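The values are calculated or read from the model by the stated rules, or taken from the named source; none is laboratory data. None of the values given here were measured: they were computed from a predicted structure. Cβ coordinates were reconstructed from backbone atoms using ideal geometry, including for glycine residues, and neighbour counts include every protein chain displayed. Surface areas here come from the heavy atoms of the whole protein model, side chains and all, with no ligands, DNA or RNA. Shrake-Rupley method; radii C 1.70, N 1.55, O 1.52, S 1.80 Å.
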Amino acid sequence: MATAALLGALAAPAAWAQSQKQPQAQQQSQNALTEVERQLEASRKRDAELARSSEALEQELASLRTRLVQTADEATRLENELSGLEETLRAMEAEESVQAAKLDADKAQISELLGALQRLSRIPPEAMIARPESPVDTLRSALLLRSAVPILRDRAEALAGALQQFADLRTHLAERRAQAEKARADLGSRQGDIAKLVERRQELQERTQAEREQVADRMASLGNEAKDLRTLLEKMERERIEREKREAEERRKAEERRKAEAAAKAAALAREKAATEKAEREKAAREAAAAEARERELAAAARPPAPPDSKDEVQRLPVAGQVTTRYGEADKFGVTSRGLTVTSRPGAQVVAPSAGSVMFAGPFRGYGLILIVEHPNGYHSLIAGLGRIDTKVGQRVLAGEPLGIMGTPADGNPDLYFELRRNGQPINPQRGLPASDGKGQG
């Protein structure tokens, strides 16, 4: 009896201690769950803030690109207008020189006749008899000078009319010069606007600089490995195909991991208590949303490519000017051209011929500054002859969005070379472009 009582007395405190541990463990689990829920809620709020910021940035960038395209179109119109005014000024200045020379000659003849008449009028009648000439010669001279008076009057009236026409020509020439100066000022203003918009565009796109630098490093590596321009373009085409294969493989592996994780979490849900089931359901809902987004990406990637005559096709020339060498013609070196040569104004705006991504931007061997833009469906645009580049590798551009400006050579107007390729092969860039007034070089 004493032993049993002693054992009972010893067991009572142990049972009480065990009963106290259970609520403590339960409270700890509840605290941990509360902390997890708090962190999840904070993460959702932060994710929503980032989504809103990203959407606002994309909207501002889209608006900026639209303004850039509109401003570049206005600058191109002003460049064409200024070229016409300058041509008119050159013709009017030449006409002014011709008329000035003619007026000087007429003035000299009239002055000579007036001088002869004045000298004759100063000779008294009695002095005419003492002149060494015969009376017949003196009379003949007087008759000739008298007959010259009506002619001289007609010439003077014609000279007065010519002087008035010359004054009108100079007035018109001054007006044209004023128009040309205004056009130059407007063009300078538009070019200043473009410079500010380009600066703002670069500022916005610096936020994704890391990704662009990776692409830039990759393309720089390709540029160093390439031995000529054909090798560079062929490598880019292979890189595009390999990149698409890698992305498809990564999506497949991500889908397999997602399914494996979903199966493991589904098995764990059956063993969890009621307190953890709530958190697991929220996690499953998030994973389902992510899976749906990935499936939409896979569906989008599986869509067939657009037909060649879609809106992604080239729609415009990269610069305003005159086409001097067409596709298939012999260029100034006697080589068959695989693209177009366009003669433009110095400092003219260069724009994207169609929407795409900049894959190469910078100097390349003996070609100077070049740009390569990748378009959908295996198209690439090659643009060479720029004086300055205002874009970077990896940047997405719209059709008509400014890419840079032409140079200012000392020996005339600059030439821009534009080549369009599909799947690595050159094609005629003027397919789908408006007809040009330019003449090809023989």
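Descriptive notes on the structure:
- The residues on offer are Asp331, Asp390, and the sole one that is over 14 Å from Leu233 (Cβ atoms), open to solvent by 20 Å² or more (accessible area, probe 1.4 Å), touching a helix residue (DSSP H, G or I) at 6+ places or on another chain (Cβ under 9 Å) and not small (Gly, Ala, Ser) is Asp390.
- Filter result for Met128 (modelled with pLDDT under 75, of a type in the set (A, V, I, L, M) and surrounded by 14 or more Cβ atoms within 10 Å (Cβ to Cβ)): yes
- Screening Glu41 against (1) modelled with pLDDT under 85; (2) farther than 30 Å from Ala320 by Cα leaves a single unmet condition, (1).
- Here region 149-164 is the region considered, the condition is being under 12 Å from Gln109 (Cα atoms) and more than 59 Å from the chain's Cα centre (by Cα), and the residue that is most open to solvent (accessible area, probe 1.4 Å) is Ile151.
- Residue satisfying condition, being surrounded by fewer than 18 Cβ atoms within 10 Å (Cβ to Cβ) and within 29 Å of Ala220 (Cα to Cα), within set Gly378, Gly404: Gly378
- Close pairs from region 382-394: first assigned to a loop (DSSP other than H, G, I, E, B), partner open to solvent by 30 Å² or more (accessible area, probe 1.4 Å) and polar (S, T, N, Q), Cβ under 7 Å, at least 6 apart: Gly394/Ser357
- Residues located in region 411-420, provided they are open to solvent by 40 Å² or more (accessible area, probe 1.4 Å) and touching a strand residue (DSSP E or B) at 6+ places or on another chain (Cβ under 8 Å): Asn413, Asp415, Tyr417
- Whether a residue is surrounded by fewer than 22 Cβ atoms within 10 Å (Cβ to Cβ) and in contact with a Ser or Thr (Cβ under 8 Å, 6 or more places away or on another chain) was assessed, and Asn423 does not pass this test.
- Matching option when the condition is hydrophobic (A, V, I, L, M, F, W, C), over 30 Å from Glu81 (Cα atoms), open to solvent by less than 70 Å² (accessible area, probe 1.4 Å) and at pLDDT 70 or above, among Ala320, Ala300, Ala290: Ala290
- Selection count where residues are open to solvent by 60 Å² or more (accessible area, probe 1.4 Å) and either closer than 15 Å to Val36 by Cα or touching a residue at least 24 places away in the same chain (Cβ under 8 Å) (or both), scope region 258-272: 1
- Residue check, Leu114 within 30 Å of Ala348 (Cα to Cα), open to solvent by less than 90 Å² (accessible area, probe 1.4 Å) and either out of contact with any helix residue (DSSP H, G or I) (no Cβ under 6 Å at 6 or more places or on another chain) or modelled with pLDDT of 75 or more (or both): no
- Across region 334-348, the number of residues qualifying as farther than 19 Å from Ile427 by Cα and open to solvent by 10 Å² or more (accessible area, probe 1.4 Å) comes to 5.
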